[in-house]
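Every read-out reported here was derived from the displayed coordinates using simple, explicitly stated rules and does not represent laboratory data. Everything numeric in this text was worked out from a predicted model, so none of it was measured. Glycine gets a Cβ as well: all are built from the backbone with ideal geometry, and neighbour counts include every protein chain shown.
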């Protein structure tokens, strides 16, 4: 009762209801919220502090940014959702807030488009070297075999494409990346796709901001070849994987395109099947499936082969107690 009353007291002001409404459309920082609300930053920050303490909204730090979102878990999350659902659909103030929210989204999209335009040549050059992405994505969905997951974590999410692809398969999706520029693109993409079950976080792949045994499925798409220590990344991924959970990895097979080290910061020229077997064994993961997708022009020796691995964390087996023999 006290927790519920604290939440009701914390939201009993029109600006705070407007904040809840804004955050129900996605994560925002203080500067963005001041634009939506037309109020000073100190005042907005005070409202955010009270609502965070009451458990109605959640925040996390990302570099120099602090991002806020409507809380999802607990009584505070349930109350926040219920209040947003009860807000009048045709309220004039909320309609104006929504217009400013759309303006912020357009600005994000423009920023993402500008970044991609500046790097499009390099992205397209790399993509032209290997099998088409739609074939890779079809193989991913085939390996998952129609399974549904309560929690999906995409490590090194980049543009957020894996979140878009797997959104119908997961109740909750998390995209993790260390690059602020890529996260801006990912946020713009998932907002454009209307993925309200997806969240983006800036974090180190070696120190994930996730609880032990919290993910049903982890995806690592074209990331391992960038890493100094793929083994360490897989050990950290295993930490957050639930027993019986799965991990799906996509990467290049070994190749000799040395230019990718300088042009695209690749730390290693592909991952071999033998290397992956060792990584999985040391992480306590069991390989279930391995697919190889060669490029259409493999005979010319110019393309990159794409490998896909599906592995799982075994479920602990409960030992059956032995029955002692009855005395004669």
Rough spin-label spacing in nm, given labels placed 7 Å along Cα→Cβ, for residue 180 and residue 141: 3.6
Burial ordering of 51, 210, fewest other beta-carbon atoms within 10 Å first: 210, 51
Sequence ranges 37-48, 216-227, 9-20, ranked by mean other-Cβ count within 10 angstrom, highest first: 216-227, 9-20, 37-48
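Can you put 305, 31, 157 in order of Cβ neighbours within 10 angstrom, beginning with the fewest? All intermediate terms of the calculation are to be shown ahead of the outcome.
Working: 305 16, 31 11, 157 29.
Going from sparsest to densest Cβ surroundings: 31, 305, 157.
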Cβ-derived FRET efficiency at R0 45 Å, residue 40 paired with residue 85, nearest 0.05: 0.95
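Once the Cα gyration tensor of the chain is found, what semi-axes does its equivalent ellipsoid get, as square roots of 5 times the eigenvalues, in whole Å, sorted largest first? Before the final figure, lay out the partial values.
On the way: eigenvalues 310, 177, 49 Å².
Each semi-axis is √(5λ); the values are 39, 30, 16 Å.
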Pair residue 66, residue 14: separation of 7 Å Cα→Cβ label points (nm): 2.6
In nm, spacing of pseudo-spin labels at residue 273 and residue 239 (7 Å Cα→C-beta vector): 3.2
Residue-span extension gain [residue 75 to residue 212] - 0.36 nm each, minus C-alpha spacing: 47.1 nm
Nearest 10 degrees, 0 to 90: helix 273-282 Cα axis against the chain principal axis: 60
